[in-house]
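K.L.:
Quick one: the structure is below, and I'll ask about it shortly.
The values are calculated or read from the model by the stated rules, or taken from the named source; none is laboratory data. Model, not experiment: these values are computed from the prediction. Methodologically, a virtual Cβ is constructed for each residue, glycine included, from the backbone with ideal geometry; neighbour enumeration extends over all protein chains shown. For the accessible areas, the whole protein counts, side chains as well, though only heavy atoms, and no ligand, DNA or RNA atoms are used. Shrake-Rupley method; radii C 1.70, N 1.55, O 1.52, S 1.80 Å.
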Amino acid sequence: MTAGYVFPPAPLPFLPVAGRREVFPVQRIFCVGQNYALHAAEMGAKAGSAADIPVFFMKPADSLAHDGDILPYPPETTALHHEVELVAALGMGGANIPESSAAEHVFGYTVGLDLTRRDLQKQAKEAGKPWDLAKGFDNASPCGLLIPAATLDGLPRGAIQLMVNGETRQDGQLADMIWSVPRLIALLSRFITLQPGDLLMTGTPAGVGPLLPGDKVDAHIDGIGDLSVTIR
Ligand code: MN
């Protein structure tokens, strides 16, 4: 027996939106590496500058998970790491978007986790191989409630934090991002045409570390909200 090809289309991944019954349909998840100097340092790397092109990578859209989820500890790793990140959700796409108007392309913001199989990532880096499977796996991208940008006073600012079992592990400031949200959108849109529904995970502050089965993870961004998940 071999598999046929008739199947119902997979449901579109989505995020809930504050104050709305409608959900935000997610197309793709783009991510940026080492957007905070202290995190670059803890990874043993030299921090880039805003004039450079950062490392962009992707996670599959169906790796989304949601606030309150209980996530199985993923297979093929002994080093599942947390990375709390500000996530921008694009309501408008485009190519070669000017930095000066890039913020207008953001529909909303939320708190996200760029969960990472750090051991696989390290092995891949050392071998000069791609690290897709270190970043893209089931439930690798929990994201919270989307806060419409129209309800915010400018770009998100303030603290970005993560606690594990009530203990603070990451405590950074959005102001310490090397590449701002508008700059990231402008740079990424030079390489690909962005689409409405795309998410951009904007990098993690210092303090990344391992998660163990049973851990409760609480992430917070000032003015945006909270995201909690538990590892089973
Ligand atoms: Mn990350």
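K.L.:
Which condition does residue 152 not pass, out of (1) without any contact (Cβ under 8 Å) to a residue 40 or more places away in the chain; (2) farther than 19 Å from residue 113 by Cα, if it passes all the others?
P.N.:
(1)
K.L.:
Checking residue 13 against (1) touching a helix residue (DSSP H, G or I) at 6+ places or on another chain (Cβ under 6 Å); (2) closer than 18 Å to residue 61 by Cα; (3) open to solvent by less than 20 Å² (accessible area, probe 1.4 Å), only one condition comes out false. Which one?
P.N.:
The failed condition is (3).
K.L.:
Given region 150-232, what strands (runs of 3 or more DSSP E) lie entirely inside it while holding 3 or more residues that are open to solvent by less than 30 Å² (accessible area, probe 1.4 Å), at pLDDT 95 or above and not small (Gly, Ala, Ser)?
P.N.:
The qualifying strands (runs of 3 or more DSSP E) are 159-164, 199-201, 225-231.
K.L.:
Follow-up question, since we're still on this one. Can you tell me which of 74, 11 is more than 15 Å from residue 110 (Cβ to Cβ) and modelled with pLDDT under 95?
P.N.:
Result: 11 is the single residue among 74, 11 that is more than 15 Å from residue 110 (Cβ to Cβ) and modelled with pLDDT under 95.
K.L.:
Looking only at region 131-149, count every residue that is open to solvent by 10 Å² or more (accessible area, probe 1.4 Å) and not in a helix (DSSP H, G or I) and tell me the total.
P.N.:
Result for region 131-149: 8.
K.L.:
Here's another thing I want to ask about it. Could you grab me the full set of residues in region 91-130 that are crowded, with 19+ Cβ neighbours inside 10 Å and in a loop (DSSP other than H, G, I, E, B)?
P.N.:
97, 114, 115
K.L.:
Looking only at strands (runs of 3 or more DSSP E) that fall completely inside region 1-54, which ones have 1 or more residues that are within 16 Å of the ligand (Cβ to nearest atom)?
P.N.:
Where strands (runs of 3 or more DSSP E) fall fully within region 1-54 and carry at least 1 residues being within 16 Å of the ligand (Cβ to nearest atom), they are 29-32.
K.L.:
Only one of 217, 181, 208 is over 28 Å from residue 119 (Cβ atoms) and within 16 Å of the ligand (Cβ to nearest atom). Can you tell me which?
P.N.:
181
K.L.:
Does residue 62 meet the test of being out of contact with any Gly (no Cβ under 8 Å at 6 or more places or on another chain), more than 15 Å from residue 155 (Cβ to Cβ), modelled with pLDDT of 95 or more and surrounded by fewer than 20 Cβ atoms within 10 Å (Cβ to Cβ)?
P.N.:
For residue 62, the condition - out of contact with any Gly (no Cβ under 8 Å at 6 or more places or on another chain), more than 15 Å from residue 155 (Cβ to Cβ), modelled with pLDDT of 95 or more and surrounded by fewer than 20 Cβ atoms within 10 Å (Cβ to Cβ) - is met.
K.L.:
Contact list please: Cβ distance under 7 Å, first residue in region 116-141 and closer than 18 Å to residue 61 by Cβ and away from the ligand (no atom under 16 Å from the Cβ), second residue open to solvent by less than 50 Å² (accessible area, probe 1.4 Å) and at pLDDT 95 or above, pairs at least six apart or on different chains.
P.N.:
Between residues of region 116-141 that are closer than 18 Å to residue 61 by Cβ and away from the ligand (no atom under 16 Å from the Cβ) and residues that are open to solvent by less than 50 Å² (accessible area, probe 1.4 Å) and at pLDDT 95 or above, the close pairs are 138/63; 138/74.
K.L.:
Among the residues of region 62-86, write down those that are within 16 Å of the ligand (Cβ to nearest atom), within 21 Å of residue 133 (Cα to Cα) and hydrophobic (A, V, I, L, M, F, W, C).
P.N.:
Of everything in region 62-86, those that are within 16 Å of the ligand (Cβ to nearest atom), within 21 Å of residue 133 (Cα to Cα) and hydrophobic (A, V, I, L, M, F, W, C) turn out to be 64, 65, 79, 80, 84.
K.L.:
Quick one: is residue 88 touching a His at 6+ places or on another chain (Cβ under 9 Å), assigned to a strand (DSSP E or B) and either exposed (fewer than 14 other Cβ atoms within 10 Å of the Cβ) or not acidic (Asp, Glu) (or both)?
P.N.:
So residue 88 fits the description; yes.
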